[in-house]
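Right, one structure below, let's go through it.
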Number of protein chains: 2
Amino acid sequence: MKLATIKDGSRDGQLAVVSRDLKSAHMADAICPTMQAALDDWAFIAPQLESLYAQLNAGHSSASTRRAFDFDPARCMAPLPRAFQWVVGAANVDHAAGSSPEEPLMVQGGSDDLLGPMDDIVLAHEEWGIDFGAGVAAIVDDVPMGATPDEAHGRIRLLMLANEVSLRKLMPAELAKGAGFLQSKPATGFSPLAVTPDELGEAWRGGKLYLPLRATWNGHLVGQPDAGVGMAFNFPQLIAHLCKSRKASAGSIVGSGTVSNRDTTLGYSCIAEQRSRETIADGEPSTPFMRFGDTIRIEMLDEKGKSVFGAIEQVLKKM
Amino acid sequence: MKLATIKDGSRDGQLAVVSRDLKSAHMADAICPTMQAALDDWAFIAPQLESLYAQLNAGHSSASTRRAFDFDPARCMAPLPRAFQWVVGAANVDHAAGSSPEEPLMVQGGSDDLLGPMDDIVLAHEEWGIDFGAGVAAIVDDVPMGATPDEAHGRIRLLMLANEVSLRKLMPAELAKGAGFLQSKPATGFSPLAVTPDELGEAWRGGKLYLPLRATWNGHLVGQPDAGVGMAFNFPQLIAHLCKSRKASAGSIVGSGTVSNRDTTLGYSCIAEQRSRETIADGEPSTPFMRFGDTIRIEMLDEKGKSVFGAIEQVLKKM
């Protein structure tokens with residue numbers, strides 16, 4: 001099923017079920033108020049949401065779906081507008097220098113302010129080196145400490161897309177301190193829809209999502225690498241890494257990191273990668289970072305060309 | 001006022017007001033269900049909680065306080081059992097090699113699972129180098145991006161004590177990667193009470209809390225450094241550092257990091273510091289890390305010897 005969080009002026013928004021074709025939606029208020037509340041009691045809540053989803057997809061009017069409305073991603077918050085955990089694995093070894101074949105690099109991120117798919121990216125200075133970053137993220141149920149990848153696999157509840165914004169010029173100083181990224185990782189944006197893995201059919205296999213992730217910058221398609229092909233660690237491995245010495249609570253979000261493929265003809269999912277390639281080829285980077293007014297669109301289409309998660313489409317604005 | 005979260009089997013517990021002398025408590029359910037809900041709407045909720053607090057301290061029975069009960073820290077969860085953000089500044093420059101006089105070192109921590117004051121610390125291996133860490137933490141209201149330290153100062157709502165557990169033997173590998181601490185920082189414990197700054201009188205000044213922080217390990221007092229004296233950066237500076245490129249949402253927790261004073265006769269707030277002193281003096285550390293069955297108690301007494309926040313008292317157990 002496909003779920004969204006609709007803006008209502010509150011901090012957590014309202015949970016809604018969205019039809020498979022993204023055309024219509026229905027508030028889930030008769031079942032559960034918010035996405036976090038659904039995740040807190042997933043075994044009990046999810047079947048009820050699935051039932052509403054089935055009726056919404058069936059299209060015929062019924063008592064349960066009489067308040068269906070046209071789905072509008074501009075009304076969406078992030079599926080979890082604030083979360084109790086957001087960690088990002090640098091699962092794409094091609095992309096992340098710090099990752100090793102044995103163990104993923106994983107960064108604890110800020111989760112108190114997660115942006116909706118059409119929320120502006122508001123920052124103070126272009127000079128910070130503002131970069132987008134197209135990735136996939138999983139929302140998990142409770143995962144016990146010491147869980148194996150197999151155990152972790154069964155705790156993945158929802159998948160979504162992420163725009164992991166980085167401030168590249170602030171990163172070297174933070175990297176040198178060795179304490180992770182704080183100022184160089186501002187608020188992350190998410191797709192309008194969070195989708196259960198069963199919606200993805202064969203594209204979801206081995207704990208990876210095998211579909212191209214399209215990044216369109218100011219109207220130009222700049223990347224469409226496959227989100228599964230580039231992953232050296234799958235989501236179950238990332239979750240197990242997180243849970244080595246602590247549990248993860250329901251609603252924790254685990255990101256793949258920026259997608260990257262060895263096949264460079266597929267373009268790039270973040271500007272830093274393109275600049276790195278340019279530096280290797282030409283001695284210096286030629287693609288500039290984002291400028292105020294720029295738009296970044298991130299979307300994933302299925303084999304039939306249908307949008308799976310809806311699109312992230314954010315404009316960069318000056319604070 | 002003094003607030004606590006009482007265990008009720010739910011993930012967020014129930015908000016309670018606790019008398020100044022820690023003897024009695026009263027559920028705040030007629031005002032607000034949880035600590036996060038209070039922080040979400042602090043300007044509206046806090047005065048109502050203050051009123052209940054005043055009546056509870058007055059001691060005489062009234063319609064509002066007729067359900068008062070004996071306060072028992074064993075019934076407490078962390079004031080915020082799960083939070084949307086937990087960052088730790090290494091504000092004690094003596095302690096943290098990575099901090100500079102210009103800028104604090106700050107680490108994003110896991111906030112999805114915060115331990116109550118008497119919850120066991122459960123871990124798998126003594127060989128991980130299990131260390132306690134006594135510190136002070138502030139809970140903030142919404143803080144806008146780019147806030148100055150002065151602006152941040154006015155957004156501090158509550159203070160509490162923290163036991164920042166570290167797995168010292170897992171830290172070098174994570175430090176080498178430069179991506180922060182993930183596996184080496186398991187769940188953090190918190191004092192039973194979260195206290196408004198006005199409760200602290202002159203001890204809270206200049207954005208620092210000037211009182212000794214007592215650490216008692218297996219019944220032996222091992223440290224009582226002053227939590228204010230050691231801070232090279234005050235809480236407003238730490239919060240402003242966090243908010244350089246992003247806002248902080250209500251309920252974000254900002255920790256001071258492990259307290260440390262230049263005066264070594266005051267002992268230590270984490271084992272690593274003692275081991276470091278031993279290494280300098282004797283060429284090698286002699287104090288071992290924690291063993292399963294060990295107890296760590298962390299408490300702060302006011303000038304009259306009264307416990308301000310109640311005590312953290314946790315037993316280390318094998319998973």
### Query
Checking A:Pro81 against (1) out of contact with any helix residue (DSSP H, G or I) (no Cβ under 6 Å at 6 or more places or on another chain); (2) farther than 28 Å from A:Ser245 by Cβ; (3) away from chain B (no Cβ under 14 Å), which test does it fail?
(3)
### Message
Anything in region A:224-242 that is more than 9 Å from chain B (Cβ to nearest Cβ) and open to solvent by less than 20 Å² (accessible area, probe 1.4 Å)? List them, or say none.
### Response
A:Pro225, A:Ala227, A:Gly228, A:Gly230, A:Met231, A:Phe233, A:Phe235, A:Pro236, A:Leu238, A:Ile239, A:Ala240
### Query
Which condition breaks for A:Ile298 when tested against (1) within 23 Å of A:Pro73 (Cα to Cα); (2) part of a loop (DSSP other than H, G, I, E, B); (3) open to solvent by less than 60 Å² (accessible area, probe 1.4 Å)?
(2)
### Message
Exactly one condition in (1) out of contact with any helix residue (DSSP H, G or I) (no Cβ under 6 Å at 6 or more places or on another chain); (2) closer than 16 Å to B:Ile156 by Cβ is false for B:Gly219; which is it?
### Response
(2)
### Message
Filter region B:31-70 down to the residues that are among the charged types (D, E, K, R) and modelled with pLDDT of 95 or more and list them by number.
### Response
B:Asp40, B:Asp41, B:Glu50, B:Asp70
### Task
Only residues in region A:52-77 that are basic (Lys, Arg) count as the first member; pair them with residues that are open to solvent by 30 Å² or more (accessible area, probe 1.4 Å), Cβ under 6 angstrom, at least 6 apart or cross-chain, and list the lot.
A:Arg75/A:Lys7
### Message
What's the total number of residues in region B:141-159 that are away from chain A (no Cβ under 14 Å) and surrounded by fewer than 23 Cβ atoms within 10 Å (Cβ to Cβ)?
### Response
7
#### Entry: Flag for A:Ala248 being within 14 Å of the chain's Cα centre (by Cα) and small (Gly, Ala, Ser)
no
### Task
Could you run through region A:120-140 and say how many residues are closer than 27 Å to A:Asp226 by Cβ and either among the β-branched types (Val, Ile, Thr) or open to solvent by 20 Å² or more (accessible area, probe 1.4 Å) (or both)?
5
### Near pairs, Cβ below 6 angstrom, 6+ apart or cross-chain, from region B:104-116 (free of Cβ contacts under 8 Å to residues at least 24 places away in the same chain) to any residue that is aromatic (Phe, Trp, Tyr) and outside any loop (DSSP other than H, G, I, E, B)
none
### Query
Across region A:53-75, which residue is surrounded by the most Cβ atoms within 10 Å (Cβ to Cβ) among those that are hydroxyl-bearing (Ser, Thr, Tyr) and under 15 Å from A:Lys23 (Cβ atoms)?
A:Tyr53
### Query
For region B:251-271, does any single residue satisfy the condition of being of a type in the set (A, V, I, L, M, F, W, C) and within 14 Å of chain A (Cβ to nearest Cβ)?
yes
## Note on the structure
Being within 14 Å of another protein chain (Cβ to nearest Cβ) and within 24 Å of A:Ile312 (Cβ to Cβ) narrows A:Ala162, A:Ala137, A:Ala91 down to just A:Ala91
## Note on the structure
Going through region A:4-25 in order, the residues found to be free of Cβ contacts under 8 Å to residues at least 60 places away in the same chain and among the basic types (Lys, Arg) are A:Lys23
### Message
I'd like the full set of residues that are within 14 Å of another protein chain (Cβ to nearest Cβ) and either free of Cβ contacts under 8 Å to residues at least 40 places away in the same chain or on the phi < 0 side of the Ramachandran plot (or both), limited to region B:125-134.
### Response
B:His125, B:Glu126, B:Glu127, B:Trp128, B:Ile130, B:Asp131
### Query
Somewhere in region A:138-154, is a residue modelled with pLDDT under 95, part of a loop (DSSP other than H, G, I, E, B) and more than 16 Å from the chain's Cα centre (by Cα)?
no
### Message
in contact with a strand residue (DSSP E or B) (Cβ under 9 Å, 6 or more places away or on another chain), open to solvent by 20 Å² or more (accessible area, probe 1.4 Å) and of a type outside the set (S, T, N, Q): is that true of A:Gly219 in this structure?
### Response
yes
### Message
Only one of A:Ala78, A:Ala90 is at pLDDT below 95, in contact with a Ser or Thr (Cβ under 9 Å, 6 or more places away or on another chain) and open to solvent by less than 40 Å² (accessible area, probe 1.4 Å). Can you tell me which?
### Response
A:Ala90
### Message
Can you tell me which of (1) outside any strand (DSSP E or B); (2) within 14 Å of chain B (Cβ to nearest Cβ) is the one A:Val122 doesn't meet?
### Response
(1)
#### Entry: Which listed residue is open to solvent by less than 30 Å² (accessible area, probe 1.4 Å), at pLDDT below 95 and touching a strand residue (DSSP E or B) at 6+ places or on another chain (Cβ under 7 Å), from A:Gly255, A:Gly251, A:Gly180
A:Gly180
### Task
Kindly indicate the residue of region B:183-205 that is outside any loop (DSSP other than H, G, I, E, B) and not hydrophobic (A, V, I, L, M, F, W, C) and also surrounded by the fewest Cβ atoms within 10 Å (Cβ to Cβ) among those meeting that condition.
B:Glu202
### Task
Among residues belonging to region B:110-119 that are of a type outside the set (D, E, K, R) and crowded, with 24+ Cβ neighbours inside 10 Å, point out the one that is farthest from the other protein chains (Cβ to nearest Cβ).
B:Pro117
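The values are calculated or read from the model by the stated rules, or taken from the named source; none is laboratory data. Computed from a predicted structure; not experimentally measured. Here the Cβ is made from the backbone with ideal geometry for all residues, glycine too, and neighbour counts use every protein chain on show. For accessibility, only protein heavy atoms count, side chains too; no ligands or nucleic acids. Shrake-Rupley method; radii C 1.70, N 1.55, O 1.52, S 1.80 Å.
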